[in-house]
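Worksheet: the structure to be examined is printed underneath.
The values are calculated or read from the model by the stated rules, or taken from the named source; none is laboratory data. Here the structure is a predicted model, which is why all the values come from computation and not from measurement. Because the Cβ atoms are built from the backbone with ideal geometry, glycine has one as well, and the counts that use them run over all protein chains shown.
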Amino acid sequence: MLPAELFDLSILPKDALILDMAASPGGKTTHLADRTSDRGLIVANDASRGRIPALEIVLRNWGVINQAVTCLPGERFGDTYESFFNAVLLDAPCSMQGLRGADSHAMRPVTLNEIQSLSARQTRLLESALRAVKPGGQVVYSTCTLTAQENEGVLTAILARFPRQVEILDAHAKVTGASFGLDEYEEMRLPLSVSRAARLWPHNLGTAGFFCAVLPKKDHLPPANDSRNLRFSPPQPRYRALNRAQAAELVAGIHDMYGFSIDQVIAEQSLRVYEINEQIFLMPALLQEKMEGLPWISCGLLLGKKVAGSLQPSHEFVARFGDQFRESVLVLDDQFVESWLRGEDLRGYSSPQTGQGAIVAVRDRLGRNLGRGKLLSDRLKNMLPTRLF
């Protein structure tokens, strides 16, 4: 989660637009959401369609609202949204030569041709990130490899092309135990500012190797030689905004059922309420105000779905806000908690008459939020998503 910590968020406005250019599986995106108090808008993009489901699941489990997931080539953002974002994170696809394998990223041999190909793509992606960020904004570039071509080599290529528009800040001082970036490679001296990047060496920190750099954009970049003024295809209309009366009815229903003022969240986080196929979503207002043509795959937070004219709250909504509910809360006895977390229904809790069929927020005796349950005549039905087990 180191790259998200390198941004100076004090210079960002509350309605900041942030791009996570290669976001999956989503850990850095949720870190950015946490650091920004889930305000503004984060575009969580990944160019690989196969990696999108993992990204969406992580965002749903965390409960991020002010986000939109896209599957677009990162190289296109610089042309399409030039000088648009306040901050851009590029945790670039790399050879993953961090000198320490993991269950998700086993060590494997790589060829020089592969490294050179990756370096060329990383340079294109970093240029796109720098074009997409506003002057005065920051780009954080990172990889989980230690090959110089993919790290200092990429920074050197960028500085050679944009010496007056881009600089490199001192990143290693912000990272405990980090070392300076390399100042030479294969007898070639590198620009002094490149060494301001941070390297995490496995033998020093006991972690996999890592590299990161902070690049403020001082001025607009000159036009690209191959600029094609690319534009994304706009999404097909598939959602509608609730009108004022419908939104007020929704807010009142949630307050009556759970004693929770969702209208305060909507106001404080600049959200709007939309319906998509009988499902109700909270979505960031900035998505419609400033990025209406963005072809997003998913966005916002699922509030719930319409069932027999009433709102059945989603797991995401209860997981994010259930600890603030004052009504329709059920506290589990300690002996039932483990069974509940395994996804089991509980026979020790039922509702013979009143409240049967009601969706309740479940907590343990320490006040920890344990998701949703449905009160039935013979049991408490477990409504935790199967993806959690």
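For region 154-169, name all the residues that are part of a helix (DSSP H, G or I), touching a strand residue (DSSP E or B) at 6+ places or on another chain (Cβ under 8 Å) and surrounded by fewer than 22 Cβ atoms within 10 Å (Cβ to Cβ). Give the steps one after another, and end with the answer.
Applying the first criterion (part of a helix (DSSP H, G or I)) to region 154-169 yields 154-161.
Adding the requirement that they be touching a strand residue (DSSP E or B) at 6+ places or on another chain (Cβ under 8 Å) leaves 154-155, 158-159.
Correct list: LEU159 only.
Mind counting the residues in region 254-287 that are assigned to a helix (DSSP H, G or I), surrounded by 15 or more Cβ atoms within 10 Å (Cβ to Cβ) and not hydroxyl-bearing (Ser, Thr, Tyr)?
Going through region 254-287 one residue at a time, the tally reaches 10.
Determine the pairs where a residue that is touching a residue at least 24 places away in the same chain (Cβ under 8 Å) and surrounded by 16 or more Cβ atoms within 10 Å (Cβ to Cβ), located within region 1-15, has a partner that is assigned to a helix (DSSP H, G or I) and not β-branched (Val, Ile, Thr) with Cβ atoms under 7 Å apart, the partner being 6 or more residues away or on another chain.
Taking only residues 6 or more apart or on different chains, the pairs are PRO3/LYS28; ALA4/LYS28; ALA4/HIS31; ALA4/LEU32; ALA4/ARG35; LEU6/LYS174; LEU9/ARG35; ASP15/LEU286.
Output the number of the condition that ALA319 fails; it satisfies all remaining conditions of (1) under 30 Å from THR80 (Cβ atoms); (2) touching a Gly at 6+ places or on another chain (Cβ under 9 Å).
So the condition that ALA319 fails would be (1).
Quick check on region 292-308: of everything there that is under 24 Å from LEU341 (Cα atoms) and under 19 Å from the mean Cα position of the chain (by Cα), which residue is surrounded by the fewest Cβ atoms within 10 Å (Cβ to Cβ)? Spell out how you get there, then give the answer.
Taking region 292-308 first, the residues under 24 Å from LEU341 (Cα atoms) are 301-305.
Those still in the list that are under 19 Å from the mean Cα position of the chain (by Cα) too: 301-303.
Working: LEU301: 27, LEU302: 18, LEU303: 26.
Checking each candidate, the answer is LEU302.
Can we say TRP340 is over 29 Å from ILE42 (Cβ atoms), crowded, with 19+ Cβ neighbours inside 10 Å and touching a residue at least 12 places away in the same chain (Cβ under 8 Å)?
yes
Here's a check for you: in region 127-162, which residue that is over 19 Å from GLY74 (Cβ atoms) and small (Gly, Ala, Ser) is nearest to the chain's Cα centre (by Cα)?
Selected residue: GLY136.
Identify the residue in region 288-313 that is among the polar types (S, T, N, Q) and in a strand (DSSP E or B) and, among all such residues, is nearest to TYR258 (Cα to Cα). Before the answer, list the steps.
Here is the first cut: in region 288-313, the residues among the polar types (S, T, N, Q) are 288, 298, 310, 312.
Narrowing further to those that are in a strand (DSSP E or B): 298, 310, 312.
Details: SER298: 27, SER310: 14, GLN312: 12 Å.
It comes out as GLN312.
Among the residues of region 209-224, how many are within 17 Å of GLY137 (Cα to Cα), of a type outside the set (A, V, I, L, M) and more than 23 Å from the chain's Cα centre (by Cα)?
4
Can we say LEU311 is at pLDDT below 95, of a type outside the set (Lys, Arg), more than 23 Å from ASN243 (Cβ to Cβ) and crowded, with 18+ Cβ neighbours inside 10 Å?
Values: at pLDDT below 95: yes; of a type outside the set (Lys, Arg): yes; more than 23 Å from ASN243 (Cβ to Cβ): no; crowded, with 18+ Cβ neighbours inside 10 Å: yes.
It is false that LEU311 is at pLDDT below 95, of a type outside the set (Lys, Arg), more than 23 Å from ASN243 (Cβ to Cβ) and crowded, with 18+ Cβ neighbours inside 10 Å.
Quick check on this structure: which one of ARG240, ARG342 is among the basic types (Lys, Arg), in contact with a strand residue (DSSP E or B) (Cβ under 7 Å, 6 or more places away or on another chain) and outside the structural domain of THR36 (by TED's automatic domain parsing)?
None of the other options fit; the residue is ARG240.
For region 187-209, give me each residue that is surrounded by 19 or more Cβ atoms within 10 Å (Cβ to Cβ) and over 17 Å from ILE168 (Cα atoms). Break it down into steps so the answer makes sense when it comes.
Pass one, region 187-209, residues surrounded by 19 or more Cβ atoms within 10 Å (Cβ to Cβ): 193-200, 208-209.
Selection gives LEU200, ALA208, GLY209.
Looking at this structure, is ASP345 more than 26 Å from ARG51 (Cβ to Cβ), over 31 Å from the mean Cα position of the chain (by Cα) and not polar (S, T, N, Q)? Spell out the reasoning first.
Numbers: more than 26 Å from ARG51 (Cβ to Cβ): yes; over 31 Å from the mean Cα position of the chain (by Cα): yes; not polar (S, T, N, Q): yes.
Yes.
Scanning for something in contact (Cβ under 8 Å) with a residue 40 or more places away in the chain, crowded, with 22+ Cβ neighbours inside 10 Å and outside any helix (DSSP H, G or I), does region 44-58 turn up at least one residue?
no
State which residue is farthest from ALA319 (Cα to Cα) when the search covers only region 375-388 and only residues that are of a type in the set (Lys, Arg) and either modelled with pLDDT under 95 or buried (at least 19 other Cβ atoms within 10 Å of the Cβ) (or both).
This residue is ARG379.
Could we say that THR123 is within 18 Å of LEU190 (Cβ to Cβ), crowded, with 19+ Cβ neighbours inside 10 Å and either in the same structural domain as SER24 (by TED's automatic domain parsing) or of a type in the set (D, E, K, R) (or both) here?
yes
Please verify whether region 114-128 includes one or more residues that are of a type in the set (Lys, Arg) and either under 30 Å from LEU384 (Cβ atoms) or in contact (Cβ under 8 Å) with a residue 60 or more places away in the chain (or both). Even if it seems obvious, please write down each step before you answer.
Step one: of region 114-128, the residues of a type in the set (Lys, Arg) are 121, 124.
When the remaining residues are screened for being either under 30 Å from LEU384 (Cβ atoms) or in contact (Cβ under 8 Å) with a residue 60 or more places away in the chain (or both), the result is none.
The answer is no; no qualifying residue exists.
Please go through region 343-367 and give me each residue that is surrounded by fewer than 11 Cβ atoms within 10 Å (Cβ to Cβ) and either in a strand (DSSP E or B) or touching a residue at least 24 places away in the same chain (Cβ under 8 Å) (or both), ordered by number.
Of everything in region 343-367, those that are surrounded by fewer than 11 Cβ atoms within 10 Å (Cβ to Cβ) and either in a strand (DSSP E or B) or touching a residue at least 24 places away in the same chain (Cβ under 8 Å) (or both) turn out to be PRO352, ARG365, GLY367.
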